[in-house]
Amino acid sequence: MQRVLVIGCSGVGKSTLSRRLATRLRVPYVELDALHHGAGWTPRPTFIADVDHSTRAPCWVTDGNYTAVREMLWDRADTVVWLDLPRLLVEWQVVQRSFVRWITRAELWNGCRERGPLHWLNPEHPIRWSWRKHSEYTERYGARFAEPKWAHLDRIRLVSRKDMRRFLASVGPIER
């Protein structure tokens, strides 16, 4: 486990697990959201090049579902961890996360901050997005995990917070 991609719908805990996993493995964490979101939530034109550069390294953990870099990351990874938690739990997590980010005015990426509750009604906001896309991600990644093309990857599906804790506890530093 040297090049790990963590996938799942918005709010499932990809970034949190990825940070912790990178720390345990003692490898760089490549945060796709930070590479994608420019000032004012505009996509950065260097996104694909930045992901390409960051994942040419021999060891890394990254997280995300960006279509523009999906094949690149799946081709380079040796392990894909799919967080497939229940929809209601994910929704609770994403609402809670959005609320805390809004109240604290925490900077997320490149000056971007969580917008207020009226923005949460936007279909592109993670609260609405995760609810709408949860089933699609389950179907998409279930099919991808079953494809012979990806048989060379270690494919790990975690369906609960308990699974996530056990998985992290089972991982230690990479021996180089």
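Readers should treat all values here as calculations from the given coordinates under stated rules, not as data from a laboratory. Predicted model, so just to flag it, every value in this text is computed and none were measured. No Cβ is skipped: glycine too gets one built from the backbone with ideal geometry, and neighbour counts run over all protein chains shown.
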Fill in the blank from the handout: Semi-axes of region 107-176 from the Cα gyration tensor (sqrt of 5 times each eigenvalue, largest first, whole Å) come to 31, 20, 13
Problem - R0 of 35 Å, Cβ-Cβ distance ASP78-LEU121: FRET efficiency to nearest 0.05 - result: 0.30
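Based on Cα coordinates alone, diagonalise the gyration tensor for region 11-95, multiply each eigenvalue by 5, take square roots, and list the semi-axes in whole Å, largest first.
Details: eigenvalues 88, 63, 29 Å².
Here the semi-axes work out to 21, 18, 12 Å.
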Exercise for the section: Work out from phi, with θ = phi - 60° and the Karplus expression 6.51 cos²θ - 1.76 cosθ + 1.60, the ³J(HN,Hα) of each residue of region 5-17, listed in order in whole Hz, and give x for Gly and Pro. Expected result: 10, 10, 10, x, 6, 4, x, 6, x, 4, 5, 4, 4
Problem - Geometric extent, Cα atoms of region 46-176 - Rg, Dmax (angstrom) - result: 16.7, 49
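Would you please give the FRET efficiency between SER135 and GLU175, computed as 1/(1 + (r/R0)^6) with r the Cβ-Cβ distance and R0 = 41 Å, to the nearest 0.05? Please list the in-between numbers first.
Details: r = 40 Å, r/R0 = 0.97.
After rounding, the FRET efficiency stands at 0.55.
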Problem - Other-chain or far-sequence residues with amide H under 5 Å of ARG157's (modelled H) - result: TRP82
Completion exercise
From the Cα centre of region 1-66 to that of region 152-176, the distance in Å is 17 Å
